[in-house]
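For reference, the structure is listed below as structure tokens.
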Amino acid sequence: MKKILFIITKSEIGGAQKYVLDMAAGAKNAGFAVAVASEQNSYFYEILTELGIEFIEIKNLQRSVNFAMDAKLLFELIKIIRKEKPDVVHLNSSKIGALGAIAAKLARVPRVVFTAHGWAFRDPRQAWEKYAIIAVSRLAALFQDRIICVSECDKEAALKYKIAPPEKLVVIHNGINPKALSLLARKEARTRLNIDEKNLVVGTIANFYKTKSLDTLVLAAISAIHLSPQIKFVIIGDGPERIKMEELIKKYRLDGYFLLTGALKNAGQYLKAFDIFVMPSKKEGLPYALLEAMAAKTACVASAVGGIPEIIENEKNGLLIKDMSPGKLNNAISRLIKDKKTTRALGAAAAETIQSKFSLKQMLEKTLVIYE
């Protein structure tokens, strides 16, 4: 029986973490022995334990660059890999993609796979930071046997910056199982979130990072609050930018219009509470939150960045905005509020898209071939 060791930087539940959980469960069901290594997190640990998957805590893990800590992390990874003796190491996140690949090769692992969940050098950064990350990504690729890009956009970026040769890159879109979302009925979802049934809800599920551009939603709300006296904006998630968003909401006296729930377990189950789902991001890979919102038949408005244009076809199964701005987002929200027929049609088409093109089954089958 082949063994796969998944390694990821952070165990907070975001897109990359959901990907690891889905892949680990899928590989186990396919007959592989599976283990997952990450920083400690009780929620992540509980889910893996329920799935019967071994969880290994990484103690010297941090996202920022610290050469002393990173050296300790490298030796810790080598120790973990040698103990687990995997046939495949599957790496997720930029730092682990580099250090984990080196550690795996030093530990003589037969196959090293890396999934790029949106290249870090595509984040808004200073030029020197961008090119430093590109250099590290190129170095890491020398130790990676296969690089999975979650979108064609990411593959094109890898080729443009010569991260790896074409034969090492493969595109496998993220996929979901809509039935596994366990969506709450609209009334129950709203009751749990303490939202009135009369409210017209514009919502999103996102961690508070700069790349998520949640300030765009707050600024759009300045005008959007005049569209309906019952309008409510809901953000499910948490993160380092939350305080700034709270200050911005307070500055423009929008307190009564916004609900910031914090991080919620199984956040996707609340999607039926939304009338409109928005994603104003500056950078994305192929976002799970958008896939789930579309599967829930929610009309979606999103930035034309990363892999999003590979999911949404403008005016067909959602609204796609190039060069996202508060004004453009407000106009899209206004249109959907006024034209309920279009809103329903976009939601129905969105769900059909997920069912036919972005299934978990397709993602698993294509990835398992790479392990073999």
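None of the figures in this text is laboratory data; all of them are computed from the coordinates on show. Keep in mind the model is a prediction, meaning the values are calculated, not measured. Ideal geometry is used to build each Cβ from the backbone, glycine not excepted, and the neighbour counts take in all protein chains shown.
Of Phe67, Phe6, the sequence from fewest to most neighbouring Cβ atoms within 10 angstrom is Phe67, Phe6.
For Ala37, the residues whose modelled amide H falls within less than 5 Å of its own, excluding neighbours fewer than 5 places apart on the same chain, are Phe6, Ile7, Ile8, Ile56. Compactness ratio for segment 283-372: Cα radius of gyration over 2.2 N^0.38 Å (N = residue count) comes to 1.18.
Only helical DSSP H runs with n ≥ 4 go in: add -39500 (n - 2.57) per run for the chain, normalise by residue count and round the 222 nm mean residue ellipticity to 500 deg cm²/dmol. Helix contribution divided over all residues of the chain: -13500 deg cm²/dmol.
Take 116-125, 27-36, 52-61 and order them by the average number of nearby Cβ atoms within 10 Å per residue, most first; the result is 116-125, 27-36, 52-61. Each residue of segment 25-33 was assigned a 3J(HN,Hα) from its phi angle through the Karplus curve 6.51 cos²θ - 1.76 cosθ + 1.60 (θ = phi - 60°); the sequence is 5, x, 5, 5, 5, 7, x, 7, 7 Hz, with glycine and proline shown as x. Straight-line cross-link reach from Lys198 at under 15 Å between alpha-carbon atoms covers these aspartates and glutamates, not counting any fewer than eight positions away in the same chain: Glu188, Asp275. Rounded to whole numbers, the Karplus 3J(HN,Hα) couplings from phi for segment 311-328 are 9, 9, 9, 3, 6, 9, 9, x, 10, 10, 10, 7, 6, 3, 8, x, x, 5 Hz, using 6.51 cos²θ - 1.76 cosθ + 1.60 with θ = phi - 60°, and x at Gly and Pro.
Under Stokes-Einstein, with the Kirkwood radius over Cα pairs as Rh, the value for segment 190-260 at 4 °C and 1.567 mPa s is 105 µm²/s. Of all beta bridges that DSSP places with both ends in segment 186-282, some 10 percent have antiparallel geometry. Descending by average beta-carbon neighbour count within 10 Å, the peptides 305-315, 281-291 line up as 281-291, 305-315, the highest first. Here the Karplus curve 6.51 cos²θ - 1.76 cosθ + 1.60, taken at θ = phi - 60°, turns the phi angles of segment 125-139 into couplings of 9, 6, 4, 5, 5, 4, 6, 5, 5, 4, 4, 5, 5, 5, 4 Hz, with x standing for Gly and Pro.
Looking at segment 1-60, the pairs of alpha carbons with a distance over 16 Å make up 34% of the total. Judged by the mean number of other Cβ atoms found within 10 Å, the most tightly packed of the peptides 269-275, 293-299, 166-172, 140-146 leads the ranking 293-299, 269-275, 140-146, 166-172.
Taking the DSSP bridge list for the chain and keeping only pairs wholly inside it, about 0 percent are antiparallel. Label segment 178-357 by shape, choosing from rounded, prolate and oblate, from the square roots a ≥ b ≥ c of the eigenvalues of the Cα gyration tensor; if a/c is under 1.5 it is rounded, and otherwise prolate applies when a/b is larger than b/c, oblate when it is not. Rounded. When only Cα pairs below 8 angstrom with a gap of at least 6 residues are kept, segment 178-357 shows a relative contact order of 24 percent.
By the rule of a C-alpha distance below 18 Å, with chain neighbours fewer than 8 residues away ignored, the lysines paired with Lys28 are Lys2, Lys3, Lys18, Lys85, Lys361, Lys366.
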